[in-house]
Amino acid sequence: MKKIRTLRGVFLGPPGAGKGTQAKVFCERRNLVHVSTGDLLRREVKNETPLGAKASEIMTRGDLVPDSLVLEITKKRLSAEDCRTRGFVLDGYPRNCAQAMDLDTTLKSMALPLDVVVYFEVSRASLIERLSGRRVCPKCAANYHVREAPPKDDRRCDHCGAELVQREDDRPQAIENRLMVYKDQTRELVDYYTERNLLVPIDASGNIDEVARRVFEKLKDIP
Ligand code: AP5
């Protein structure tokens, strides 16, 4: 019987590096499950759940939501059948060493080790340009960029027609804070995963298609 190639990966990098954009493209082409903790948390906020109520203000500021809350939703998502059978890309998780250790424990208990951690490297100027130009659909969560990936109609979502908005945490003060939080808490994961021989750095400069080609090229033989 033909062996099905799954992959279990993490897309790591600063806010605005293009993790979400690339995870979507990569997962569609490799039939993997895209698990974005940002999207999972925004759904909780939108649905006004108790977890969403705790996370909302923290996310608007651009700080990290407490590890225990993020672990709860991530663990639940990873234990679903599709993640087990198809494989997955985690986008936005883990964000610090404590979360990385939680993830190790979770995956070990499921006997599903990580295959790769892709690290997206890009200049600070590009991060700010990408974040401040992002527009999102409040209804179906589609992502756009005013120059790089604009909607067909200037202000409306291509998929559902809703009026696009700017994410609250894409405003200048929150962007500054998110970049600082990344430097203080998340960047240390580069060493964490280098030591475990899982890190694959990717030059994330250039347009979306160029970066996607680099990702496919680097991951074509993994696992
Ligand atoms: P989250 O939604 O994960 O935000 P983030 O990590 O800050 O990541 P972004 O979505 O901003 O950036 P990205 O790298 O995915 O870039 P994207 O592809 O979208 O998290 C939001 C919040 O939730 C956090 O601040 C925190 O509060 C909380 N949270 C989430 N996970 C957590 C965790 N594990 N622990 C605790 N708290 C957590 O691209 C950005 C823009 O650039 C788009 O407009 C896109 O079109 C454009 N773009 C992409 N690639 C290119 C390119 N190559 N050239 C030009 N433009 C590009």
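What the table below lists for this structure:
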{"item": "The stretch 157-183, residues that are away from the ligand (no atom under 14 Å from the Cβ) and open to solvent by less than 30 Å² (accessible area, probe 1.4 Å)", "result": "Ala162"}
{"item": "Enumeration of residues in the stretch 103-146 that are touching an Asp or Glu at 6+ places or on another chain (Cβ under 7 Å) and assigned to a helix (DSSP H, G or I)", "result": "Leu131, Ser132"}
{"item": "Candidate set: the stretch 135-156, residues that are open to solvent by 40 Å² or more (accessible area, probe 1.4 Å) and touching a Lys or Arg at 6+ places or on another chain (Cβ under 9 Å); chosen: the one nearest to Asn177 (Cα to Cα)", "result": "Arg135"}
{"item": "In the stretch 64-95, the residues that are within 13 Å of the ligand (Cβ to nearest atom), assigned to a loop (DSSP other than H, G, I, E, B) and open to solvent by 20 Å² or more (accessible area, probe 1.4 Å)", "result": "Leu64, Pro66, Arg95"}
{"item": "Pairs where the first residue, in the stretch 65-77, is more than 22 Å from Gly87 (Cβ to Cβ) and the second is of a type in the set (Gly, Ala, Ser) and modelled with pLDDT of 95 or more, C-beta under 9 Å, 6+ apart", "result": "Val65/Ala55; Pro66/Ala55; Asp67/Ala98; Leu69/Ala55"}
{"item": "Residue that is farthest from Asp102 (Cα to Cα), among those in the stretch 36-57 that are away from the ligand (no atom under 11 Å from the Cβ) and in a helix (DSSP H, G or I)", "result": "Lys46"}
{"item": "Pair list, Cβ < 6 Å and 6+ apart or interchain, from the stretch 200-213 residues that are closer than 14 Å to Val118 by Cβ to residues that are part of a strand (DSSP E or B) and near the ligand (Cβ under 8 Å from one of its atoms)", "result": "Ile202/Phe120; Ala204/Phe120"}
{"item": "Residue that is farthest from the chain's Cα centre (by Cα) [pool: residues in the stretch 22-35 that are within 9 Å of the ligand (Cβ to nearest atom) and surrounded by 21 or more Cβ atoms within 10 Å (Cβ to Cβ)]", "result": "Gln22"}
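The values are calculated or read from the model by the stated rules, or taken from the named source; none is laboratory data. Not measured: the values here are computed from a predicted model. Cβ sites come from the backbone with ideal geometry, for glycine too, and all protein chains shown count toward neighbours. For accessibility, only protein heavy atoms count, side chains too; no ligands or nucleic acids. Shrake-Rupley method; radii C 1.70, N 1.55, O 1.52, S 1.80 Å.
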